[in-house]
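The structure under discussion appears below in the form of structure tokens.
The values are calculated or read from the model by the stated rules, or taken from the named source; none is laboratory data. Predicted model only: the values in this text are computed from it and were never measured. Cβ atoms come from the backbone with ideal geometry, glycine included; neighbour counts cover every protein chain shown. Side chains are part of the model used for accessible areas, which takes the heavy atoms of the whole protein and leaves out ligands, DNA and RNA. Shrake-Rupley method; radii C 1.70, N 1.55, O 1.52, S 1.80 Å.
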Amino acid sequence: MGQLFNPYLPCGEYIPDGEPYVFGNRVYVYGSHDRFGAPMFCMNDYACWSAPILPAGSARRIGEWRYEGVIYRKNQDPRNRLGLRLLFAPDVAVGPDGRYYLYYAFDFMGVMGVAVADDPAGPYEYYGHVHYPDGTVWGRRKGDSFPFDPGVLVDDDGRIYLYSGFYTPVPAIVTGGRRGFDGGYMLELEPDMVTIATPEKLLFPKQGPGSFPGHEFFEASSMRKYDGKYYFVYSSRLNHELCYAVSDRPDGGFRYGGTLVSNGDVGLPGVPDERHARNYTGNTHGGMLRIDDEFYIFYHRQTNRSSYARQACAEQLRWTRDQDGTLRFEQAEMTSCGLNGGPLSGRGEYEARIACNLWSKDGTGRYDTGKPRRDLAAHPYLTQDERDGDPNACQYIANMRDGATAGYKYFDFGSGGDVTVSVTVRAHHGDGVRTDAGAHGELEFRTATSGEDGATVARIRVDADGRDWTTVHADGTLPDGVGALYAAYHGDGAADLLAFAIADRG
């Protein structure tokens, strides 16, 4: 059985906003679909991935991921026959009839669509738009909220709840002058899964009484029910984090629980704010998954110095239970081993793209403010040379300049010992320009078993002059036990980092 990494999907796949569900004996992930190199979010059609659930007692509970194909196309909706509108973050629920219902919002159009299928992997067919009993489409009445980022829950008693909301007002020219950007809303649906049964209700105000100070609702509604309690996952106004709130009922009374994950590790010890982020930040969106007594949070990271090439990641959550049965979750750390069920092997070949932390000598930055390609021109970033959808796409870390560091967590180094460390590098390209000046310096590999400073494992000389990948190596020594591995570049010019390997010296 091979190892699992973050991101958990292949190199060239960009599926953010992942909502995971167990249907039968498989996990299915539904998300939007970014197009590498595109100027906007979610330009591809919906695709689905699934993985088998492995038996209890296995080293990990989730098996290898399988591509289920495109499950719904933009132009299937009659309001989008030309395919010009984009499919934003979806959600899926099983209806009273046993069929699978896919909910989606078209970019900033303010309309919620529904598609249906007989199988969780589709194909899905257009079913209708969420509407009032008189046929008026939700979002078109004066005073309606702005339908956005659906979260759907079919409760044990058969009642159907639809959650939605967006923090930032969209220009009136787009919405037709409607209002309703006060936070997160909820309404009930009829058993047909598309007709509104009760008026919408503001559950998660973005300010004032009932808001969660410092972590107010922004977007990304996602609801789960565990052991009689309701857990609402959402993206806060900080935008780089997923938080949760908990209640004894689905329609109110929610109490703030905490942060589940940040795509900059903000909020963990030593990372008090974004100025100290361990990774480049931007929006995130995802949901929780439960397999027996194990819990996971699915989210996404940013790549390519933009907000439009996001990749799916997941982490296992640590939890405790209060006396009243409420689950309390600790904030997860971004890792390279995500769904692997434990640390990666301390010997083997690894793609550089599984870095969970990345920064320059000047720290990190946000990809969704200012002009990141200009503002972060001297920073390292994840990218690929191939076009979107190329099955041979190969992602790597570009622009490793002096002081740039890539972090990998975690490895089991076993009893340590003498090793050879190899790395595949080439001269970098910046802003689309290849340079023959090259990179001349060294890559320092160091470990840390606690904190970020640790022993140097190996120093590998880098003299990369041109377009070709070159593999260089050096001998070193690993410590005992489980720890992180960091690769830092020191020297002139800049280098791209494709892969590295660790092997025993014998």
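Kindly evaluate PRO250 against the criterion of being at pLDDT 95 or above, in contact with a Phe, Trp or Tyr (Cβ under 7 Å, 6 or more places away or on another chain) and not aliphatic (A, V, I, L, M). Break it down into steps so the answer makes sense when it comes.
Numbers: at pLDDT 95 or above: yes; in contact with a Phe, Trp or Tyr (Cβ under 7 Å, 6 or more places away or on another chain): yes; not aliphatic (A, V, I, L, M): yes.
Against the criterion (at pLDDT 95 or above, in contact with a Phe, Trp or Tyr (Cβ under 7 Å, 6 or more places away or on another chain) and not aliphatic (A, V, I, L, M)), PRO250 qualifies.
Report yes if some residue within the range 153-170 is of a type outside the set (Val, Ile, Thr), surrounded by fewer than 15 Cβ atoms within 10 Å (Cβ to Cβ), under 27 Å from GLU68 (Cα atoms) and without any contact (Cβ under 8 Å) to a residue 40 or more places away in the chain; otherwise report no.
Within the range 153-170, not a single residue is of a type outside the set (Val, Ile, Thr), surrounded by fewer than 15 Cβ atoms within 10 Å (Cβ to Cβ), under 27 Å from GLU68 (Cα atoms) and without any contact (Cβ under 8 Å) to a residue 40 or more places away in the chain.
Six or more apart or on different chains, Cβ atoms under 9 Å: show the pairs whose first residue is in the range 191-213 and over 24 Å from ASP97 (Cα atoms) and whose second is of a type in the set (Val, Ile, Thr) and open to solvent by 20 Å² or more (accessible area, probe 1.4 Å).
Within 9 Å, no pair qualifies.
If you scan the range 343-377, which residues turn out to be surrounded by 21 or more Cβ atoms within 10 Å (Cβ to Cβ) and among the charged types (D, E, K, R)?
Of everything in the range 343-377, just one residue is surrounded by 21 or more Cβ atoms within 10 Å (Cβ to Cβ) and among the charged types (D, E, K, R), namely ARG353.
For the range 233-243, does any single residue satisfy the condition of being aromatic (Phe, Trp, Tyr), open to solvent by 10 Å² or more (accessible area, probe 1.4 Å) and under 20 Å from ASP91 (Cα atoms)? So that I can check it myself, show each step before the final result.
At the first step, the residues of the range 233-243 found to be aromatic (Phe, Trp, Tyr) are 234.
Retained after the next criterion (residues that are open to solvent by 10 Å² or more (accessible area, probe 1.4 Å)): none.
No: zero hits.
Among the strands (runs of 3 or more DSSP E) contained in the range 195-274, which hold 3 or more residues that are of a type outside the set (A, V, I, L, M, F, W, C) and under 15 Å from ALA332 (Cβ atoms)?
It comes to 255-262.
Find the residue count for the range 384-395, including only residues that are under 18 Å from VAL423 (Cβ atoms) and either among the acidic types (Asp, Glu) or surrounded by fewer than 22 Cβ atoms within 10 Å (Cβ to Cβ) (or both).
As a first pass, look at the range 384-395 and keep what is under 18 Å from VAL423 (Cβ atoms): 394-395.
Narrowing further to those that are either among the acidic types (Asp, Glu) or surrounded by fewer than 22 Cβ atoms within 10 Å (Cβ to Cβ) (or both): 394.
Looking only at that region, the number is 1.
Looking at the range 74-81, can you tell me whether even one residue there is under 20 Å from ARG26 (Cα atoms) and without any contact (Cβ under 8 Å) to a residue 40 or more places away in the chain?
First pass over the range 74-81, keeping only residues under 20 Å from ARG26 (Cα atoms): none.
For the range 74-81, residues under 20 Å from ARG26 (Cα atoms) and without any contact (Cβ under 8 Å) to a residue 40 or more places away in the chain: absent.
Within the range 107-141, which residues are at pLDDT below 95 and either open to solvent by 40 Å² or more (accessible area, probe 1.4 Å) or under 17 Å from VAL70 (Cα atoms) (or both)?
Hits for the range 107-141 are PHE108, ARG140, ARG141.
Run down ARG255, ARG237 and say which single residue is under 20 Å from the mean Cα position of the chain (by Cα) and farther than 30 Å from TYR396 by Cβ. Give the steps one after another, and end with the answer.
Values: ARG255 fails: under 20 Å from the mean Cα position of the chain (by Cα).
Selected residue: ARG237, the only one of ARG255, ARG237 that is under 20 Å from the mean Cα position of the chain (by Cα) and farther than 30 Å from TYR396 by Cβ.
Scan the range 201-229 for residues that are open to solvent by 50 Å² or more (accessible area, probe 1.4 Å) and in contact with a strand residue (DSSP E or B) (Cβ under 7 Å, 6 or more places away or on another chain) and jot them down.
LYS201, LEU202, LYS225
Would you kindly identify the strands (runs of 3 or more DSSP E) lying entirely within the range 392-458 that contain at least 2 residues that are more than 29 Å from VAL271 (Cα to Cα) and at pLDDT below 90? Walk me through how you get there before you give the answer.
On the way: elements: 395-401, 405-412, 417-427, 439-448.
Counting at least 2 such residues, we get 439-448.
Of all residues in the range 25-40, how many are assigned to a loop (DSSP other than H, G, I, E, B) and either acidic (Asp, Glu) or in contact (Cβ under 8 Å) with a residue 60 or more places away in the chain (or both)?
Of the range 25-40, the ones assigned to a loop (DSSP other than H, G, I, E, B) are 25, 31-40.
Still in the running and either acidic (Asp, Glu) or in contact (Cβ under 8 Å) with a residue 60 or more places away in the chain (or both): 31, 34-40.
Here the count works out to 8.
Test of understanding: among GLY214, GLY165, GLY208, which residue is closer than 30 Å to TYR367 by Cα and in contact with a Phe, Trp or Tyr (Cβ under 8 Å, 6 or more places away or on another chain)?
Numbers: GLY214 fails: in contact with a Phe, Trp or Tyr (Cβ under 8 Å, 6 or more places away or on another chain); GLY208 fails: in contact with a Phe, Trp or Tyr (Cβ under 8 Å, 6 or more places away or on another chain).
It is GLY165.
Tell me which strands (runs of 3 or more DSSP E) are completely within the range 122-174 and hold 1 or more residues being among the hydroxyl-bearing types (Ser, Thr, Tyr), or say none if there are none. Write out each step before concluding.
Working: elements: 125-129, 151-154, 160-166.
By residue number, 125-129, 160-166.
Taking the range 10-35 as the search range and keeping residues that are of a type in the set (D, E, K, R) and touching a Phe, Trp or Tyr at 6+ places or on another chain (Cβ under 9 Å), which one is most open to solvent (accessible area, probe 1.4 Å)?
Narrowing the range 10-35 to residues of a type in the set (D, E, K, R): 13, 17, 19, 26, 34-35.
Subset that is touching a Phe, Trp or Tyr at 6+ places or on another chain (Cβ under 9 Å): 13, 17, 19, 34-35.
Details: GLU13: 27, ASP17: 9, GLU19: 0, ASP34: 1, ARG35: 84 Å².
Only one residue tops the list, namely ARG35.
Could you grab me the full set of residues in the range 118-139 that are free of Cβ contacts under 8 Å to residues at least 12 places away in the same chain and either closer than 17 Å to TYR185 by Cβ or under 31 Å from the mean Cα position of the chain (by Cα) (or both)? Walk me through how you get there before you give the answer.
Narrowing the range 118-139 to residues free of Cβ contacts under 8 Å to residues at least 12 places away in the same chain: 134-136.
Across the range 118-139, the qualifying residue is only THR136.
It is to be established whether one or more residues within the range 359-374 are at pLDDT below 95, closer than 18 Å to ASP496 by Cβ, within 22 Å of the chain's Cα centre (by Cα) and basic (Lys, Arg).
Scanning the range 359-374 turns up at least one residue that is at pLDDT below 95, closer than 18 Å to ASP496 by Cβ, within 22 Å of the chain's Cα centre (by Cα) and basic (Lys, Arg).
Which residue, of GLN331, GLN316, GLN323, GLN311, is polar (S, T, N, Q) and open to solvent by less than 10 Å² (accessible area, probe 1.4 Å)?
On the way: GLN331 fails: open to solvent by less than 10 Å² (accessible area, probe 1.4 Å); GLN316 fails: open to solvent by less than 10 Å² (accessible area, probe 1.4 Å); GLN323 fails: open to solvent by less than 10 Å² (accessible area, probe 1.4 Å).
The conditions single out GLN311.
Does the range 267-317 hold any residues that are among the polar types (S, T, N, Q) and touching a residue at least 40 places away in the same chain (Cβ under 8 Å), and which are they?
First pass over the range 267-317, keeping only residues among the polar types (S, T, N, Q): 279, 281, 283-284, 302-304, 306-307, 311, 316.
Those that are among the polar types (S, T, N, Q) and touching a residue at least 40 places away in the same chain (Cβ under 8 Å): ASN279, THR281, ASN283, THR284, GLN302, THR303, ASN304, SER306, SER307, GLN311.
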